[in-house]
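Note sheet for the following structure.
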Amino acid sequence: MKPVLVIQGAKGIDEIPRLDELSDQAELRFATTSDELRRVLPGADVMLGWSFRDASLPAAWDAATDLRWIHWAGAGVDAAVFPELAASERAMNVSLPVTPPQMARELPPLEFFHSFRSPYSYLALRQVMDVADAFGLDLKIRPVLPMVMRGMKVPRRKLLYIAYDTKRESERLQIPFGRLADPVGTGVERLLAVYNYACSENKGREFLRNAGEAVWSQAVDVASDAGMRRIASRTGLFWPEVVDSMQDDSWRESVEQNRESMMASGSWGVPTLRLGDFVVWGQDRIWLLVRHVEALCNTGDGILR
């Protein structure tokens, strides 16, 4: 039996590029109104939200009896996130193993491309660490410069959306967020320099967590000595050596190498996660990483080994 794919916001196959390639592999159903969506959702396995501004799914949600996957064709997911979905078993939550599977020992390192100016990197940090620890993966955190410090333009409208979206996600994940101090420029450079020093003291993870909370939930100005000293103290770093590290520009070469490696994987932004040839972008795709690792560690009988 073919899986059933519902396309919300389109009238037919010609409106969506390359959708015709799936016509032999899945039953395709289309809907442009709430009534149509309610009619085609029963028995559907997957829904593609094609119209970014359409909010018909909440009104038809009770008809989604068999839906297992929702994919939204846009960077924002406002129309796809509503209380009934978040509370349902179909929300993409994951259960991590209590003991790391033995097969995970053979997996390549988990690379996490991170930016100190990205609130999504901040939200992803704790989740990625939890995943790496649960599976016993070697976590390699690879910092990159923010887009605006790489010559890329970010519209003000997008920045405002990111702030609102991060607030919503932080509440869902129960991660402190709200009092912000933008570290762009000198603040980011100082954070990158001190992060290098923290790693040499085996305190890189602690520094990332403390710096993230300071910037995104406590409005700490990391461009100031007072702000940086506050983070260093929490991390257990020796302040005179922190001061010396901020005069060291050696981090620039590795950060540029990280950017080139990330771009070579087909991703231009953070947070990007890479495990061998598997690459996902976005803190809301961490569940896909977990499913991938589970598949790699599955012996075929549903048991992780």
* To do: Indicate the gyration tensor shape class of region 151-208 (rounded, prolate or oblate), computed on the Cα atoms with a ≥ b ≥ c the square roots of the eigenvalues: a/c under 1.5 is rounded; otherwise a/b larger than b/c is prolate and the rest oblate.
  => oblate
* Structure fact -> Taking N as the residue count of region 163-297, its alpha carbon Rg divided by 2.2 N^0.38 Å gives 1.16
* **13 Å Cα-Cα reach of LYS2 towards aspartates and glutamates, excluding residues that sit fewer than 8 places from it in its own chain** => ASP24, GLU27, ASP45
* Asked: What order do you get for 111-119, 167-175 when each peptide is scored by the mean count of other beta carbon atoms within 10 Å, highest first?
  -> 111-119, 167-175
* Asked: Where does each of 243-251, 122-130, 10-18 land if you order them by average Cβ count within 10 Å, highest first?
  -> 122-130, 243-251, 10-18
* Scan around GLY43 for amide H atoms under 5 Å from its own, H built in the peptide plane at 1.01 Å from N, and keep only partners 5 or more places away or cross-chain. => THR65, ASP66
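Which percent, to the nearest 5, of DSSP beta bridges fully inside the chain are antiparallel?
The antiparallel proportion sits near 35 percent.
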* **For region 3-14, Karplus couplings with θ = phi - 60° (6.51, -1.76, 1.60), whole Hz, Gly/Pro x** => x, 9, 10, 9, 10, 8, x, 9, 8, x, 5, 6
* Taking only the alpha-carbon positions of region 117-171 and ignoring solvent, what does the Debye formula give for the base-10 log of I(q)/I(0) at q = 0.18, 0.30 Å⁻¹? -> -0.76, -1.16
* Listed highest first by mean packing, meaning other Cβ atoms within 10 Å per residue, what order do 258-266, 137-145, 231-239 come in? -> 137-145, 231-239, 258-266
* Asked: Where the centroid of each part is defined by its Cα atoms, how far is region 226-265 from region 1-63 in Å?
  -> 47 Å
* **Interchain or long-range residues, amide H under 5 Å from LYS140's placed H** => LEU110, GLU111, PHE112
* Structure fact -> Dividing the alpha-carbon radius of gyration of the chain by 2.2 N^0.38 Å, where N counts its residues, gives 1.12
* To do: Quick one, could you list the DSSP H helices from the chain stretching 30 Å or more along their long axis (Cα atoms) with average Kyte-Doolittle hydropathy of -0.5 or above?
  => none
* What ratio of Cα Rg to 2.2 N^0.38 Å holds for region 4-87? -> 1.00
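Rule-based calculations on the coordinates, nothing more; no lab input. Worth saying up front: this structure is predicted, and the values here are computed from it rather than measured. Cβ: placed from backbone, ideal geometry, glycine included. Neighbour counts: every protein chain shown.
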